[in-house]
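> Below is a structure I'd like to ask you about.
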Amino acid sequence: MADKFKLVIKNLHVSVDKKEILKGVNLTINDGDKIAFLGPNGNGKSTLFFTISGHPKCIVTSGTIFFNNIDVLKLSVDERSKLGIFLGLQNPCEVAGIINSDFLKNIIDVRNTVPIKLFDFYKILDQNCKKIKFPFEMVHRNLNENFSGGEKKRNEILQMLLIKPKIALLDEIDSGLDSDAIKVIAKVINDEYKKNKGSFVIISHYDKMLELINPNKVVVMIDGKIVMKGEKDLIKKISEKGFDFIKNSLNITHDKQDLVDECCFKKK
Ligand SMILES: Nc1ncnc2c1ncn2[C@@H]1O[C@H](COP(=O)(O)OP(=O)(O)O)[C@@H](O)[C@H]1O
Ligand SMILES: [Mg+2]
């Protein structure tokens, strides 16, 4: 069993296009955590995930992110990924001209000194496609090109299964999935968690998903800060009373409502 790890985010301030989005985030992700990351739209959840992963638009103006004693902010995107940080995107982009299976083989090969044998690769690809009920022919298509919303999300989960990250940041990985697919993805997350441990941070607006993944922690972000941490009962409270009860109880006057339920990093 590998050594235990910890990702510690301290007083993180982040701007995008000169606008401050994260305003002092403090969060620790421990090995073995399964965190439900909640918050109204447009309050900085995706920005936090992008910042941890190294998106160049997210400018860290102050604060730190450490993975054990490694300063994550000094690492490039691929170094962060090789360290074990994985981002399952809210809006995966379509890449014409790149065959999905070539991409998927490559994400394994860059982590090893010797490339995986084609036969072995197709074997694990087939096993994992079956796990997530993803038709095998999808691997022969261009990466995400003309995939449905649900297919794109499954392709993100497929990547996670192939590279077995230490920390999986899953950004609305369930949006666009039907209720059967949500059960499949939740089961895959839970099985991976049992088998490989590591940690998961899951942004979701679906009670069903949150109930199925059974998080050990719940955190809520409003206006670029983690304003509340709790346990599973917090999900029920939020689903019954909305985020307003948190705003009221903490006297938050900020009334941000993103009318477009979309990630700000989506291509225009
Ligand atoms: N380039 C930008 N200029 C101004 N505001 C931006 C820019 N990029 C992102 N934002 C704003 O950052 C906020 C946080 O977005 P995001 O992290 O996607 O929120 P969430 O994931 O919580 O829905 C949103 O209000 C969005 O409009
Ligand atoms: Mg988002």
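> Considering only the chain, what is the antiparallel percent among its DSSP beta bridges, to the nearest 5? Display every interim value, and only then the final one.
Working: 25 of 42 bridges.
If I count the DSSP bridges inside the chain, around 60 percent turn out antiparallel.
> Express the relative contact order of the chain as a whole percentage, based on alpha carbon pairs under 8 Å and six or more residues apart in sequence.
Values: 452 pairs, mean separation 70.7, N = 268.
26 percent.
> Between the alpha-carbon centers of region 117-168 and region 1-73, tell me the distance in whole angstrom.
What the calculation gives is 26 Å, centre to centre.
> Using Cα atoms only, what is the angle between the long axis of helix 149-163 and the major principal axis of the chain, expressed in degrees (0 to 90) to the nearest 10?
Approximately 70 degrees, to the nearest ten.
> How large is the dipole of the chain about the Cα centre if only Lys and Arg carry +1 and Asp and Glu carry -1, each at its Cβ, rounded to the nearest 20 debye?
Working: 43 positive and 35 negative charges, 120 e Å.
Computed charge dipole of the chain: roughly 580 debye.
> Please list the non-local residues whose amide H lies under 5 Å from the amide H of M221, H modeled 1.01 Å from N, same-chain partners needing a gap of 5 or more.
L38, G39, V227
> Continuing with this model, one more query. What is the pair-distance distribution P(r) of region 41-126, computed from all Cα-Cα distances in 10 Å bins starting at 0, with each bin given as a whole percent?
13, 37, 32, 16, 2
> Also, I was wondering about something else. Please turn the phi angles of region 100-115 into ³J(HN,Hα) values with the Karplus equation 6.51 cos²θ - 1.76 cosθ + 1.60 (θ = phi - 60°), one per residue in order, whole Hz, x for glycine and proline.
Along region 100-115, the couplings run 3, 5, 5, 4, 5, 5, 4, 5, 7, 4, 5, 9, 10, 6, 10, x Hz.
> I've got another one for you. Please report the carbon-and-sulfur percent of the accessible area for the chain; probe 1.4 Å, protein heavy atoms only, DNA, RNA and ligands left out. Mind showing how you got there, number by number?
Values: 7030 of 13500 Å².
Answer for the chain: carbon and sulfur cover 52 percent of the accessible area.
> Here is a further query. Any chance you could run the full-extension gain for L118 through K183? It's 0.36 nm times the residue separation minus the Cα-Cα distance, nm to one decimal. Don't jump to the answer; show the numbers that get you there.
On the way: separation 65, 0.36 × 65 = 23.40 nm, distance 3.09 nm.
Length difference between fully extended and current span is 20.3 nm.
> Also, quick follow-up: Given q = 0.14, 0.15, 0.18, 0.19 Å⁻¹, what are the Debye log10 I(q)/I(0) values for region 130-251, with equal point scatterers placed on the Cα positions and solvent ignored?
-0.67, -0.75, -1.00, -1.08
> Further question on the same structure: Once Rh for region 97-160 is found with the Kirkwood sum over Cα pairs, what is the Stokes-Einstein diffusion coefficient at 20 °C and 1.002 mPa s, in µm²/s?
Values: Rh = 12.0 Å.
D = 179 µm²/s.
> Under the rule of at least 5 residues apart or a separate chain, name every residue whose amide H is placed under 5 Å from the amide H of T28.
Residues meeting the criterion, in which the H sits 1.01 Å from N, are I9.
> Which whole-Hz couplings ³J(HN,Hα) result when phi for each residue of region 28-44 is put into the Karplus expression 6.51 cos²θ - 1.76 cosθ + 1.60, θ = phi - 60°, listed in order with x for Gly and Pro?
10, 10, 8, 4, x, 7, 10, 9, 8, 10, 10, x, x, 4, x, 10, x
> Quick one: which residues, 5+ away or cross-chain, put their amide H under 5 Å from the amide H of H13? H built at 1.01 Å from N.
Sorted by chain and number, the residues that satisfy this are G24, V25, T61, S62, G63.
> Identify which of E192, E172, E240 has the largest mean-square fluctuation in a Gaussian network model of the chain, with springs joining Cα atoms closer than 10 Å.
Maximum among the listed residues: E240.
> For region 48-151, run through the trypsin sites (Lys or Arg not before Pro) and keep only the ones in DSSP coil with at most 11 other Cβ atoms within 10 Å of their Cβ. Please list the in-between numbers first.
Working: sites: K57, K74, R80, K82, K105, R111, K117, K123, K130, K131, K133, R141; in loops: K57, R111, K117, K133, R141.
In loop regions of region 48-151 (DSSP not H, G, I, E or B), the sparsely surrounded trypsin sites (Lys or Arg not before Pro) are K117.
> Any idea of the accessible area per residue across the chain, 1.4 Å probe, to the nearest Å²?
Values: 13500 Å² over 268 residues.
With the other protein chains kept in place, the chain gives 50 Å² per residue.
> So what's Rg/Rh here for the chain, counting alpha carbon atoms and using the Kirkwood radius for Rh? Walk me through the numbers on the way to the answer.
Values: Rg = 18.2 Å, Rh = 19.2 Å.
In the chain, Rg relative to Rh is 0.95.
> To continue, here is another question. Holding the Cα-Cα limit at 24 Å, pick out from K6/K241; K133/K241; K6/K164 the pairs that are longer than that.
K6/K241; K133/K241
> Please give the FRET efficiency for M138 paired with N251, using the beta carbon to beta carbon distance and R0 = 51 Å, rounded to the nearest 0.05. Don't skip to the answer; put the middle values down first.
Numbers: r = 49 Å, r/R0 = 0.96.
According to the calculation, E is roughly 0.55.
> Which residue, chosen from M209, S199, L143, occupies the Cα position most advanced towards the positive end of the dipole of the chain, where the dipole is computed from +1 (Lys, Arg) and -1 (Asp, Glu) charges on Cβ about the Cα centre?
Most positive-ward Cα: S199.
The values are calculated or read from the model by the stated rules, or taken from the named source; none is laboratory data. A quick note: this is a predicted structure, and the numbers were derived from the prediction, not measured. As a convention, Cβ positions derive from the backbone with ideal geometry for all residues, glycine included, and neighbour counts pool all protein chains shown. Side chains are part of the model used for accessible areas, which takes the heavy atoms of the whole protein and leaves out ligands, DNA and RNA. Shrake-Rupley method; radii C 1.70, N 1.55, O 1.52, S 1.80 Å.
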